[in-house]
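Undergrad: Dumping the structure here so I can ask a few things about it.
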Amino acid sequence: MTVESTAARKPRRSAGTKSAASKRAGTAAKKAPSTEPELVQLLTPEGERVENAEYDAYVADITPEDLRGLYRDMVLTRRFDAEATSLQRQGELGLWASLLGQEAAQIGSGRATREDDYVFPTYREHGVAWCRGVDPTNLLGMFRGVNNGGWDPNSNNFHLYTIVIGSQTLHATGYAMGVAKDGADSAVIAYFGDGASSQGDVAESFTFSAVYNAPVVFFCQNNQWAISEPTEKQTRVPLYQRAQGYGFPGVRVDGNDVLACLAVTKWALERARRGEGPTLVEAFTYRMGAHTTSDDPTKYRADEEREAWEAKDPILRLRAYLESSNHADEGFFAELETESEALGKRVREAVRAMPDPDHFAIFENVYADGHALVDEERAQFAAYQASFATEPGSGFAAAGEGK
């Protein structure tokens, strides 16, 4: 399941030029275990169902209708994500963080939650938001700059997006501790990425959740790139193994396998509800696009790596299984395509109907009682904005006309 490492692609030096240190490193490499990740998988990249004695029970009751529902969730989530990316490129959004390639991890885990569970996302969990019933258009207000989230967290038990990397894991841990003290049998799930796993907030969350046996699932989407930083620059062991040091279990799951993500997350959530404490789930997946629309991934990763992961596409994988099992026909796929286009149109129209952001909101609430420097900066910004005012009927900017 791993892509060939950079080290493996480097040309070898001749034996005569090797130093003693490099010889020792070579000997150690021969003794090292395989880099093939050990992970839970129920659907192969070719869409073939494989048995798993430990986790099959958690998807034993899934019906063909349920499978079609999971496929629909992933397709519509990807369509929404693509529309949001296009809207940003057209200047309708300030920024967008795409989930392309991570649909299975988000839909599988999101559909494993109960209505009374509480979800703490980062800022890329658009698929989880879909599963929790948050209207996709509400996600876009923040990225347009017209609101701070756009939905009531308590209406869907889905917290607002968190931009500060890793801090939501502490929020989730505290909330889970409260759930336990209240005697409820619900669980909490916190989403974060491989980059956030290097943050101190995540380490503190692991400590507190373990000591207080909090009913929380830490769901790490390891898409292997923290912006331009590869995972091997952040950890010497697979991320799921970190849980051992804190005294609770960790599991690595194929993050492009929606069935495996569903099964493993169900297991972890049920474990939390039984009072058995936290679990770390590492969904081994891949970010197919840019970190955000301000990023250019071609500057730091090879096309061959992306192409290798395209062959493991989570949507194509489930479609292959649906077709080979006769659980879906061409009519289903055609109807879904129509629904997908309708969703894209609705999102596009909703965003364009939103008001423009308040350009001066950034100066509000900086200081409780105001500040002379902020007033000065506001005045400077106002003068700058005024320079773009158009003369009546001219159609050209009064300032800089003809440049």
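The values are calculated or read from the model by the stated rules, or taken from the named source; none is laboratory data. Worth saying up front: this structure is predicted, and the values here are computed from it rather than measured. Quick reminder, even Gly has a Cβ in these numbers, built from the backbone with ideal geometry, and neighbours come from all protein chains shown. Just so you know, the surface numbers come from the protein's heavy atoms only, side chains and all, with ligands and any DNA or RNA stripped out. Shrake-Rupley method; radii C 1.70, N 1.55, O 1.52, S 1.80 Å.
Undergrad: Looking at (1) in a helix (DSSP H, G or I); (2) open to solvent by 50 Å² or more (accessible area, probe 1.4 Å), which is the one condition that is false for ASN213?
TA: (1)
Undergrad: Shifting gears a bit: Does THR292 qualify as being among the hydroxyl-bearing types (Ser, Thr, Tyr) and under 30 Å from GLN88 (Cα atoms)?
TA: Yes: the conditions hold for THR292.
Undergrad: Next question, about the same structure. Looking only at segment 216-263, which residues are in a strand (DSSP E or B), within 19 Å of LYS312 (Cβ to Cβ) and out of contact with any strand residue (DSSP E or B) (no Cβ under 7 Å at 6 or more places or on another chain)?
TA: TRP225, PRO230
Undergrad: Further question: Starting from residues that are over 11 Å from the mean Cα position of the chain (by Cα) and not charged (D, E, K, R), keep the ones in segment 191-204 and report whichever is most open to solvent (accessible area, probe 1.4 Å).
TA: Of everything passing the filter in segment 191-204, GLN199 is most open to solvent (accessible area, probe 1.4 Å).
Undergrad: Just to be sure before I move on: is ILE107 in contact (Cβ under 8 Å) with a residue 40 or more places away in the chain, among the aliphatic types (A, V, I, L, M) and open to solvent by 10 Å² or more (accessible area, probe 1.4 Å) in the structure I sent? If you could, list the steps in order and put the result at the bottom.
TA: Numbers: in contact (Cβ under 8 Å) with a residue 40 or more places away in the chain: yes; among the aliphatic types (A, V, I, L, M): yes; open to solvent by 10 Å² or more (accessible area, probe 1.4 Å): no.
It is false that ILE107 is in contact (Cβ under 8 Å) with a residue 40 or more places away in the chain, among the aliphatic types (A, V, I, L, M) and open to solvent by 10 Å² or more (accessible area, probe 1.4 Å).
Undergrad: From the residues in segment 322-348 that are hydroxyl-bearing (Ser, Thr, Tyr) and part of a helix (DSSP H, G or I), which one is surrounded by the fewest Cβ atoms within 10 Å (Cβ to Cβ)?
TA: Top of the filtered list is THR338.
Undergrad: Examine segment 367-379 for a residue that is within 21 Å of GLY94 (Cβ to Cβ) and either free of Cβ contacts under 8 Å to residues at least 12 places away in the same chain or not in a helix (DSSP H, G or I) (or both), and state whether such a residue exists.
TA: Scanning segment 367-379 turns up no residue that is within 21 Å of GLY94 (Cβ to Cβ) and either free of Cβ contacts under 8 Å to residues at least 12 places away in the same chain or not in a helix (DSSP H, G or I) (or both).
Undergrad: Give the residues of segment 309-321 that are open to solvent by 40 Å² or more (accessible area, probe 1.4 Å) and either among the small types (Gly, Ala, Ser) or over 24 Å from PRO45 (Cβ atoms) (or both), sorted by residue number.
TA: Scanning segment 309-321 gives a single hit, ALA311.
Undergrad: Please determine whether any residue of segment 307-321 is over 30 Å from ASN138 (Cβ atoms), among the charged types (D, E, K, R) and in contact (Cβ under 8 Å) with a residue 12 or more places away in the chain.
TA: Yes: segment 307-321 contains one or more residues that are over 30 Å from ASN138 (Cβ atoms), among the charged types (D, E, K, R) and in contact (Cβ under 8 Å) with a residue 12 or more places away in the chain.
Undergrad: Oh, and also: Would you mind finding the one in GLY344, GLY331 that is under 27 Å from the mean Cα position of the chain (by Cα), among the small types (Gly, Ala, Ser) and under 30 Å from ASP81 (Cβ atoms)?
TA: Going through GLY344, GLY331 in turn, the sole match is GLY344.
Undergrad: Let me ask something else about it. Can you name the residue in segment 129-184 that is touching a Gly at 6+ places or on another chain (Cβ under 6 Å) and aliphatic (A, V, I, L, M) and, of all such residues, is surrounded by the fewest Cβ atoms within 10 Å (Cβ to Cβ)?
TA: Among those residues, the one meeting the criterion is LEU160.
Undergrad: Give just the number: which of (1) among the charged types (D, E, K, R); (2) more than 25 Å from HIS291 (Cβ to Cβ); (3) assigned to a helix (DSSP H, G or I) does ASP201 not satisfy?
TA: (2)
Undergrad: Among the listed residues ALA210, ALA260, ALA268, ALA203, identify the single one that is touching a residue at least 12 places away in the same chain (Cβ under 8 Å), of a type in the set (Gly, Ala, Ser) and either in contact with a Lys or Arg (Cβ under 6 Å, 6 or more places away or on another chain) or farther than 30 Å from GLY47 by Cβ (or both). It would help to see each step written out before you state the result.
TA: On the way: ALA260 fails: either in contact with a Lys or Arg (Cβ under 6 Å, 6 or more places away or on another chain) or farther than 30 Å from GLY47 by Cβ (or both); ALA268 fails: either in contact with a Lys or Arg (Cβ under 6 Å, 6 or more places away or on another chain) or farther than 30 Å from GLY47 by Cβ (or both); ALA203 fails: touching a residue at least 12 places away in the same chain (Cβ under 8 Å).
Answer to the selection: ALA210.
Undergrad: Can you name every residue in segment 59-97 that is open to solvent by less than 50 Å² (accessible area, probe 1.4 Å), over 21 Å from SER294 (Cβ atoms) and in a loop (DSSP other than H, G, I, E, B)?
TA: The one that is open to solvent by less than 50 Å² (accessible area, probe 1.4 Å), over 21 Å from SER294 (Cβ atoms) and in a loop (DSSP other than H, G, I, E, B): ILE62.
Undergrad: Right, something else. Going through segment 284-303 one residue at a time, which ones are without any contact (Cβ under 8 Å) to a residue 60 or more places away in the chain and of a type in the set (Asp, Glu)?
TA: Selection gives ASP296, ASP303.
Undergrad: Shifting gears a bit: Does segment 384-401 contain at least one residue that is part of a loop (DSSP other than H, G, I, E, B) and at pLDDT 95 or above? Outline the logic, then answer.
TA: Within segment 384-401, the first condition is being part of a loop (DSSP other than H, G, I, E, B), and the residues that meet it are 387-389, 391-396, 398-401.
So of that shortlist, the ones also at pLDDT 95 or above come out as none.
The answer is no; no qualifying residue exists.
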